[in-house]
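Notes for the one structure printed next.
The values are calculated or read from the model by the stated rules, or taken from the named source; none is laboratory data. Remember, predicted model here, so these are calculated numbers, not experimental data. Glycine also receives a Cβ, built like all others from the backbone with ideal geometry; neighbour counts cover every protein chain displayed.
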Amino acid sequence: MNLAFRISSGEVDAAPLPGSLRVNRRLSQWLRFRREGWVEVTSGKVEIGQGILTALAQIVAEELDIPLDRVRMVSATTGTSPDEAVTSGSLSVQESGTALRHACAEAREIFRQAAGTSGKTYWDLADAVDLDREATGKVAPKPFASHRVVGHEAQRLDLPAKIFGEACFIHDLELPGMLHARMVRPGCAGAALESLDAAAASHLPEVVKIVRDGSFVAVIARTESQAQAAAAKLAGAAKWRRTWELPGENAMAAWLKAQDADTRVVDTKAAPESAAVARTMKASFSRPYIAHASLAPSCAIAQLEGPTLRVWTHSQGIYNLRRDLARAFDMAEDRIVVSHVQGAGCYGHNGADDVALDAALLARAAAGRPVRVQWMRDDEFMWEPYGAAMVMRARAALKEGRIVDWNYDVWSNSHNMRPGDPDGVNLLASWYLEKPKQPGPPRAAAQPAGAGDRNAIPLYDLPRSRITSHLIKEMPLRVSALRTLGAYANVFAIESFMDELAAAAQADPIEFRLAHLKDPRAKAVIEAVAKAADWKPGQKGSGTSGRGIGFARYKTLATYVAVIVDLELDRESGRIKVPRAFAAADSGQIINPDGLTNQIEGGIVQSTSWTLHEEVRFDRTGILSQNWDSYPILTMQEAPTVTTVLIDRPSDPPLGAGEASQGPTGAAIANAFAVATGKRIRELPLHPERVKAALA
């Protein structure tokens, strides 16, 4: 590439730096040009199967005017990568993509000036141009009309290795001299270790060491199989004291509403109250605790080399993890290096951070050798932080077919107990040490993003409304961030209630929604999905089949999604199947149409699994969901075929999409069931027993 011809100049007035450039201002944190002919790009956002590194690479290639194969995406590592907090909230393109777009635009201008009229390329000037400088925000990115990479499909960078079975996951990583370890934990959270007969396992071949620190117990061995066998022996030689009991599973909704709560009115509109209404309706909805159900249990490797602790992890927030590791070890953060390696499946806060501390604690006992810790399936199901159980209550008044008053309350635990809290250590093992750490306190999150109250504020035009959030700080089960936080449950409740109100107003569900919307982009996605699905106003169910719709704008500020599903019901068994789904999405400027489609369709599949199957089962003594039999998920045969319509708005900013379709899908399934049967289920999931009870 001849820079003298291909790099365009353009300056804009200085403004606050966009995206993550605000807190990661040095260009060298983001870009490193190599004379071998490529640019290394470091983002603080990590690949967790959502295809984000491909989208970011497209943004870089576009702004630098280079082919996509000249871009090398480098996995995030503390100390060298920008600190972009956590890969979560469908914010990667908005935060990291925006930062890279502007960083690359400025780098392009710097190289253009260095090249002058010489015709030299980036690679010719790689050693001569110094990017160790702060971004100014004065260089304008390319206009969308000139884009040739952004907005077009590109092959996912992460898929070939996964498809062809190459070693790409943390579970595949092998280091010289590596030892293996397994954890020994009680049958329930909060139990304390009373006694341990270490001799039961210490004599076994290949066992290197039994480690105990308070109620933290593990075995280190030379082979993984021997570590597993020794841990099983050790578990039988441990005696634990239970310290508390769980509330009854079947009474969770009532339990949540009975607890003390931090109550906040998060949104209100105070139009004059209507003097006379045709009808007032109310309904309550609930969702259970949901597991992340990662296909591969959490895994990490740690090594203590002199004063430096190195950790390899699939954590979604490596800098936050480093902060908690430092507090757990009472050591300086700059002595800890945390590197991201992909894990096999998770959106949210599963056990990845916890197993990293497990490995780090055991590395202290391994005389400088790396220690690999992989949780077992029951470890993952019993000890990961779940998505919180929730209760939602809606009340509305109708007058002349329109909603004139809306009241909505949501009760929920915290939805974010990730590492990085300034007032505590949110890592499991740290609470069981001889000198334990304390977790950070549960906190509410500000709107519009919210947490338990995410998407509790409808996008509909409601003249009078009051939205109230009740944060319950008492947590019977450990909870934290699961994909969408509270949005999935809130959209399920709001959109189910919208269908009930439409029926009361004798209106078609789509026409009822459109009549309550002013946002033209919201209307456009509903109209687009109705067209794609060939929706017929007033269509009825057959008793065993029906159609339903759900709509939302994720967090009220990200992607708009409308979903229609076709539902089939076997009334005898109570089993629901969703053979087909249709979706329309508006994510502003589209970076990679194929990637966006994958995100929308993947969210639909995941939500179908949540809605039909998933709930964490427990009794007063502990977790009953410990394997795939007791925590079933959607099978390949059950997954719906999906038709997706994308509305591209290249002149608008790109919007987060990874968590946008889950809420509308759950609501669409519930609404389709009501259309098919005339019965409304307001408790998730819609499993066969609940379905048969509703039909009876």
*Taking strands (runs of 3 or more DSSP E) that do not extend beyond segment 188-302, which have at least 1 residues that are in contact with a His (Cβ under 8 Å, 6 or more places away or on another chain), under 30 Å from Trp312 (Cβ atoms) and among the β-branched types (Val, Ile, Thr)?*
216-221
*Only residues that are in contact with a strand residue (DSSP E or B) (Cβ under 8 Å, 6 or more places away or on another chain), more than 30 Å from Pro688 (Cβ to Cβ) and outside any helix (DSSP H, G or I): list them for segment 518-576, please.*
Asp519, Arg553, Thr559, Tyr560
*asked:* Checking the condition over 30 Å from Ala445 (Cβ atoms) and β-branched (Val, Ile, Thr), which residue from Val578, Val529 passes?
replied: Val578
*May I ask you to list pairs of residues, at least six apart or on different chains, whose Cβ atoms are under 6 Å apart, with the first in segment 441-458 being in contact (Cβ under 8 Å) with a residue 12 or more places away in the chain and the second being of a type in the set (D, E, K, R) and in a loop (DSSP other than H, G, I, E, B)?*
Pro442/Lys473
*Evaluation of Ala332 against (1) of a type outside the set (Asp, Glu); (2) within 30 Å of Gln606 (Cβ to Cβ); (3) free of Cβ contacts under 8 Å to residues at least 40 places away in the same chain (one fails), failing number*: (2)
*Single residue of segment 601-622 satisfying the filter (touching a strand residue (DSSP E or B) at 6+ places or on another chain (Cβ under 9 Å) and outside any helix (DSSP H, G or I)) that is surrounded by the most Cβ atoms within 10 Å (Cβ to Cβ)*: Glu614
*Out of curiosity, is Ser96 in a helix (DSSP H, G or I), crowded, with 24+ Cβ neighbours inside 10 Å and at pLDDT 95 or above?*
yes
*Name the residues in segment 660-686 that are in a loop (DSSP other than H, G, I, E, B) and among the hydrophobic types (A, V, I, L, M, F, W, C), would you?*
Ala660, Ile681, Leu684, Leu686
*When you go through Gly595, Gly588 one by one, which is the residue that is surrounded by fewer than 24 Cβ atoms within 10 Å (Cβ to Cβ), touching a helix residue (DSSP H, G or I) at 6+ places or on another chain (Cβ under 6 Å) and within 23 Å of Gly89 (Cα to Cα)?*
Gly595
*Select from segment 554-569 the residues that are touching a Lys or Arg at 6+ places or on another chain (Cβ under 8 Å) and not aliphatic (A, V, I, L, M) and write down the one among them that is nearest to Asp519 (Cα to Cα).*
Tyr560
*asked:* Regarding segment 448-461, can at least one residue be identified that is assigned by TED's automatic domain parsing to the domain that holds Thr665, within 30 Å of Val277 (Cα to Cα), among the β-branched types (Val, Ile, Thr) and assigned to a strand (DSSP E or B)?
replied: no
_When you scan segment 670-685, do you find a residue that is under 20 Å from the mean Cα position of the chain (by Cα), at pLDDT 95 or above and on the phi < 0 side of the Ramachandran plot, even just one?_
yes
*Could you look through segment 255-312, keep only residues that are closer than 30 Å to Arg335 by Cα and exposed (fewer than 15 other Cβ atoms within 10 Å of the Cβ), and pick out the one that is farthest from the chain's Cα centre (by Cα)?*
Gly306
*Taking only segment 201-227 into account, find how many residues are of a type in the set (S, T, N, Q) and over 14 Å from Met183 (Cα atoms).*
2
_Just to verify a result, which residue in segment 634-659, among those that are assigned to a loop (DSSP other than H, G, I, E, B) and of a type in the set (Ser, Thr, Tyr), is nearest to Glu568 (Cα to Cα)?_
Thr635
